[in-house]
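Below: one structure, written as structure tokens.
The values are calculated or read from the model by the stated rules, or taken from the named source; none is laboratory data. Quick caveat, the model's predicted, so the values are computed rather than measured. Glycine gets a Cβ as well: all are built from the backbone with ideal geometry, and neighbour counts include every protein chain shown. The accessibility values were calculated without ligands, DNA or RNA, using every heavy atom of the protein model including side chains. Shrake-Rupley method; radii C 1.70, N 1.55, O 1.52, S 1.80 Å.
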Amino acid sequence: MPSIPELPGVVVPLHSDQDVWLKKHVAALCGLEHDRFPGSQPVSFGVKDLERLENNDYWVCEKSDGIRVLLVILTNLDTNEQLVHIVDRHNTYRLLAGMYFPHWEDPKMPLRSTIVDAELVIDVDPQSKRETMRLLCFDCLVADNQNVMEKSLEKRYGRLKEWFFRPYSRMIRDHPYMSERLPFDIRVKEINLSYHLEKVFAVDIPALQHGNDGLIYTPVSTPYVPGTDNQILKWKPPSENSIDFKLVLRFPPLRGQPDKPDFSAKPIFALHVWRGGEGKRAVYEPYDVMHVEDDEWERLKESQEQLDDRIVEVHWDPVGEHWRMMRFRDDKPNGNHRTVVENIIQSIADGVEKDALLARSNNIKNAWKARHGQASQPSQPPPHPSSQPTAPPPYSNPNPYIQPQKPPPVAHPPPLPHVDRHYGPLAPSRWSKVSGPAVLRAALMDLAWPLLSARAAGWTRDSGVPRMMLVWLLAADIYVAPGYAVLVDPELELGHSSIRKRQVQGEVGSTAGLQVGTGRVTR
């Protein structure tokens, strides 16, 4: 399936007055104390989550393989003017011209400020092969100037369909010429009860005109949570689970000139994991390396694209026992957080296959029925708003874009426990445009590079080669002085491969007390 080359709209310059104003008002509408991207993020599905599906009401839908965005509609009720933007996960705003959303009660009036959660995809007609950019909406944070984040999913989804989408689709139906100037088509994703999984696999996914990236399970009764929501579950077959890292290239030294890198040689493809922070304050640390075949490296060079310092999506190859590249993820500002990486690796180890998930559907259905009783109906999206007793209150506010409301109290997490540092400070490196201490001794390179090259030619973890030591030394540019021994912890893991305990003697060592990963360095 084709990918989206560029998001539509005119980019609002970062840190401009308009950018600051937009983020401030969106934060106020969402009741947040920060102006970061307010969208929620799921966690990976594991065996333990099967019981969670039995004990709680969940809805399920296919996960589209597109670009996650928010559609932000800000309405000035003094002038009835609407500003429509699309926001990506970089928190970059793009102004969309020519879009209008009517009010659900009076289509002659504009819909008030609304924030919709969605996925932007490219649909390809199987007959004509025509490509259509489409916005697939699945949740909302604000509807008609009301913050609905504290409401349950069934109520949020009802607002999405009845207040946002129904009047808009009626307008496009009655005035089809309007669709000609729109940047994309808009649809609402169909969501199913969690035990209707067979229908999702047999009907919904085969009917897609875009790529599929698994399933999303969303709890029915919980509120919308910005950032990582441990209640939202992302399922993929264990063999298809992927992780986003930052790619850092490490080149070997020129022969005879150990102080200069050989940019014509095949580098080490180091994978760095995100530890937190945003923008220039983002913190990364070495995690593992990615395997790249020689012909793949030649194709990457021929593309003439920048490879270093980009987010790369990788999957685990259980046969070769190494990470393999899938694609670059320029739509993501950072790789997966280390805690997410560990959860994904755990889900690879104890992941749930499709057949096991389907086999559990009957138990999930019986548990759901038992919770609601034989006579009661499962949770469904709410009826049309006309049948609801209350409508939005009259609007009166000096600021025409925001309805005054007291933001919900923000619970501050307890302070993090003290954790010993496992890595030395990072500084600019001559071996990469990204990071690493400034000095990498020629003696270390003379020892490490031939060993790592030999491993790339076929050595495995069982051959006795101190792979982890070499990976960390090269990936982090850690200098190790003569006269010390490196002891590798027996529980240390490289990606998904456990490393056997071994002791490395010789001319490679380190200053006393330095810790590398979970390895110990002693005299």
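For the structure I just gave you, tell me whether Y217 is in a loop (DSSP other than H, G, I, E, B), open to solvent by less than 30 Å² (accessible area, probe 1.4 Å) and outside the structural domain of T339 (by the TED database).
So Y217 fails the test.
This table checks each residue for (1) open to solvent by 10 Å² or more (accessible area, probe 1.4 Å); (2) closer than 19 Å to E240 by Cβ; (3) without any contact (Cβ under 8 Å) to a residue 24 or more places away in the chain.
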| site | (1), (2), (3) |
| --- | --- |
| V43 | yes, yes, no |
| R52 | yes, no, no |
| D57 | yes, no, no |
| V60 | no, yes, no |
| S64 | no, yes, no |
| L71 | no, no, no |
| N76 | yes, no, no |
| T79 | yes, no, no |
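Among (1) of a type outside the set (G, A, S); (2) surrounded by fewer than 19 Cβ atoms within 10 Å (Cβ to Cβ); (3) part of a helix (DSSP H, G or I), there is one condition P13 misses while meeting the rest; what is its number?
(3)
Is there a residue being in the same structural domain as S113 (by the TED database), at negative phi, hydroxyl-bearing (S, T, Y) and touching a helix residue (DSSP H, G or I) at 6+ places or on another chain (Cβ under 6 Å) anywhere in the stretch 171-180?
yes
Using the structure shown, decide if A367 is of a type in the set (G, A, S), open to solvent by 70 Å² or more (accessible area, probe 1.4 Å) and modelled with pLDDT of 90 or more.
The answer is no for A367.
Regarding G320, is this residue open to solvent by 30 Å² or more (accessible area, probe 1.4 Å), touching a residue at least 12 places away in the same chain (Cβ under 8 Å) and farther than 30 Å from V60 by Cβ?
Yes, satisfied.
Within the stretch 146-188, how many residues are open to solvent by 40 Å² or more (accessible area, probe 1.4 Å), basic (K, R) and part of a helix (DSSP H, G or I)?
Matching residues across the stretch 146-188 total 6.
Looking only at the stretch 262-306, count how many residues are hydroxyl-bearing (S, T, Y) and within 17 Å of M325 (Cβ to Cβ). Let's see the steps before the verdict.
Here is the first cut: in the stretch 262-306, the residues hydroxyl-bearing (S, T, Y) are 264, 284, 287, 303.
Within this subset, residues satisfying the condition of being within 17 Å of M325 (Cβ to Cβ) are 287, 303.
Qualifying residue count, the stretch 262-306: 2.
Looking at E353, E278 in this structure, which one is farther than 30 Å from L193 by Cα and out of contact with any Leu (no Cβ under 8 Å at 6 or more places or on another chain)?
Result: E278 is the single residue among E353, E278 that is farther than 30 Å from L193 by Cα and out of contact with any Leu (no Cβ under 8 Å at 6 or more places or on another chain).
Quick check: is even one residue across the stretch 178-187 within 28 Å of P167 (Cβ to Cβ), of a type in the set (S, T, Y) and within 20 Å of the chain's Cα centre (by Cα)?
No, the stretch 178-187 contains no residue that is within 28 Å of P167 (Cβ to Cβ), of a type in the set (S, T, Y) and within 20 Å of the chain's Cα centre (by Cα).
Go through the residues of the stretch 86-103 one by one and say whether even a single one is closer than 17 Å to D139 by Cα, of a type in the set (K, R) and open to solvent by 40 Å² or more (accessible area, probe 1.4 Å).
Scanning the stretch 86-103 turns up at least one residue that is closer than 17 Å to D139 by Cα, of a type in the set (K, R) and open to solvent by 40 Å² or more (accessible area, probe 1.4 Å).
Output the residue which, of all residues in the stretch 220-246 that are under 12 Å from D49 (Cβ atoms) and touching a residue at least 24 places away in the same chain (Cβ under 8 Å), is surrounded by the fewest Cβ atoms within 10 Å (Cβ to Cβ).
Here the answer is N230.
If L95 satisfies every condition in (1) under 24 Å from S179 (Cα atoms); (2) among the aliphatic types (A, V, I, L, M); (3) touching a helix residue (DSSP H, G or I) at 6+ places or on another chain (Cβ under 6 Å) but one, which is the exception?
Failing condition for L95: (3).
Tell me, which strands (runs of 3 or more DSSP E) wholly within the stretch 46-110 include 3 or more residues that are farther than 24 Å from K23 by Cα?
Values: elements: 58-64, 67-76, 81-87, 93-95.
Of the strands (runs of 3 or more DSSP E) lying wholly inside the stretch 46-110, those with at least 3 residues that are farther than 24 Å from K23 by Cα span 58-64.
For the stretch 303-340, what are the residues that are touching a helix residue (DSSP H, G or I) at 6+ places or on another chain (Cβ under 8 Å), modelled with pLDDT under 90 and in a strand (DSSP E or B)?
Across the stretch 303-340, the qualifying residues are H315, W316.
Output the residues belonging to the stretch 122-145 that are open to solvent by 30 Å² or more (accessible area, probe 1.4 Å) and touching a helix residue (DSSP H, G or I) at 6+ places or on another chain (Cβ under 9 Å).
The one that is open to solvent by 30 Å² or more (accessible area, probe 1.4 Å) and touching a helix residue (DSSP H, G or I) at 6+ places or on another chain (Cβ under 9 Å): F138.
Name the pairs whose Cβ atoms lie under 8 Å apart, with the first residue in the stretch 282-296 and within 24 Å of V319 (Cβ to Cβ), the second among the basic types (K, R), and 6 or more positions between them or separate chains?
Between residues of the stretch 282-296 that are within 24 Å of V319 (Cβ to Cβ) and residues that are among the basic types (K, R), the close pairs are Y287/R338; M290/R324; H291/R324; V292/K266; D294/K266.
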